[in-house]
Amino acid sequence: MAKKDFNENVEAKLYVCVDHKRYKQDGEQLANHLNVEQIRKLEEVSKNDLVLLYDKEGLSLVGGKLRLQADFNNMLPRVKDDMWQHELIARAAKIKEGESNLKAMDATAGFGEDSLILAAAGYEVMLYEKDPVIAALLKDCLIRARKIPEIKDMVMRMKLVEGDSIEAMLNMAELKKDETKVVADMPDLIYLDPMFPERQKSSKIKKKFQLIQKLERPCFNGEEMVNAALSLNPKKILIKRPMKAETLGDRTPEFSYKGTSIRYDCFMQK
């Protein structure tokens, strides 16, 4: 079977460009993985196209004058020196006082910032990201973040999987039914955070995320994802929502942790 071309049926064409010799092999592998053309210079494409650019700063998504990079440096004030304890998600994710060796599945990883807080709180986090471009940006972010002393140990507890989390959860649920089998990485916590552009209030953020919106996005079925999470019956399912949004999957949570603009809906193990 022929490899699917990422540029089929998308608004903007995608290319890979390497502007630093350190990333020559990475660029070739990524272009081959996405089945897209590798270019030598950004000037070779139109301003309406997108480029995954490797330069001295790592991997970025570039379109015209806009540049988007997954990066944890801006997260340092929120997680170092136990500052993560003040994060609403950390309080919402807490399962039981004194529990250790807990595993979490971030089923909608995005750029991994919430997963970093979960890892800071002690979770071993499996990050699932279906979109191959976002997954590539997140993979590069995790590699760079392992070199930051303040968060190195946290990042080492994070493992990225490029793939469909719904499919993964359903497969794990089937295996779980067989009592003779041991399912590795069975999560105690499943975390869901669908992308909601309306949450982005900063004009700068909005402009940057225009790059992502140019790419063909997979359809998100909230009902299907919640059902898949429930099929695993983890100790807790945590769903991030805008404060005034309806519940995901049209289910009433046991309780919610509320902030000023977002809330975390919680479903507990039956």
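Values in this text are rule-based calculations from the coordinates and carry no lab data. A quick note: this is a predicted structure, and the numbers were derived from the prediction, not measured. Cβ coordinates were reconstructed from backbone atoms using ideal geometry, including for glycine residues, and neighbour counts include every protein chain displayed.
The modelled label-to-label distance between Asp153 and Asn48, using points 7 Å beyond Cα along the C-beta direction, is 5.2 nm.
Going by average Cβ neighbours within 10 Å, how do the peptides 126-136, 107-117 rank, with the highest at the top?
The densest-packed peptide leads the list: 107-117, 126-136.
Taking log10 I(q)/I(0) by the Debye sum over Cα atoms at q = 0.11, 0.16, 0.17 Å⁻¹ as calculated from this structure, the corresponding entry among (i) -0.66, -1.33, -1.44; (ii) -0.62, -1.17, -1.28; (iii) -0.55, -1.28, -1.48 is (i). Along the Cα-to-Cβ line of Glu167, 7 Å from the Cα, sits a label point; which residues in the range 118-140 have backbone N less than 20 Å from it? The answer is 126-139, whose backbone nitrogens lie closer than 20 Å to the label point. Is the range 128-174 best put as rounded, prolate or oblate by its Cα gyration tensor, with a ≥ b ≥ c the root eigenvalues, rounded for a/c under 1.5, and otherwise prolate when a/b is larger than b/c, oblate when not? Oblate, since a/c reaches 1.5 and b/c is not below a/b.
Averaging Cα coordinates gives a centre for the range 59-95 and one for the range 212-262; these two points are 20 Å apart. Relative to the first principal axis of the alpha-carbon coordinates of the chain, what is the inclination of helix 203-213, with its axis defined by its Cα atoms, in degrees from 0 to 90 and to the nearest 10? Its long axis makes an angle of about 80 degrees. The residues packed around Ala107, meaning those with a beta-carbon under 10 Å from its beta-carbon, carry a net charge of -3 if Lys and Arg are +1 and Asp and Glu are -1.
Of the peptides 27-34, 99-106, 82-89, the order by per-residue mean of other Cβ atoms within 10 Å, starting with the highest, comes out as 99-106, 27-34, 82-89. Under the shape rule built on the C-alpha gyration tensor, where the axes satisfy a ≥ b ≥ c, the range 101-160 is oblate, since a/c reaches at least 1.5 while a/b does not exceed b/c.
Taking a Cβ cut-off of under 12 Å around Glu150, the surrounding Lys, Arg, Asp and Glu residues balance to a net charge of +2, with basic ones at +1 and acidic ones at -1.
Only helices enter the 222 nm calculation for the chain: every DSSP H run of n ≥ 4 contributes -39,500 (n - 2.57), and dividing by all residues gives -8500 deg cm²/dmol, rounded to 500.
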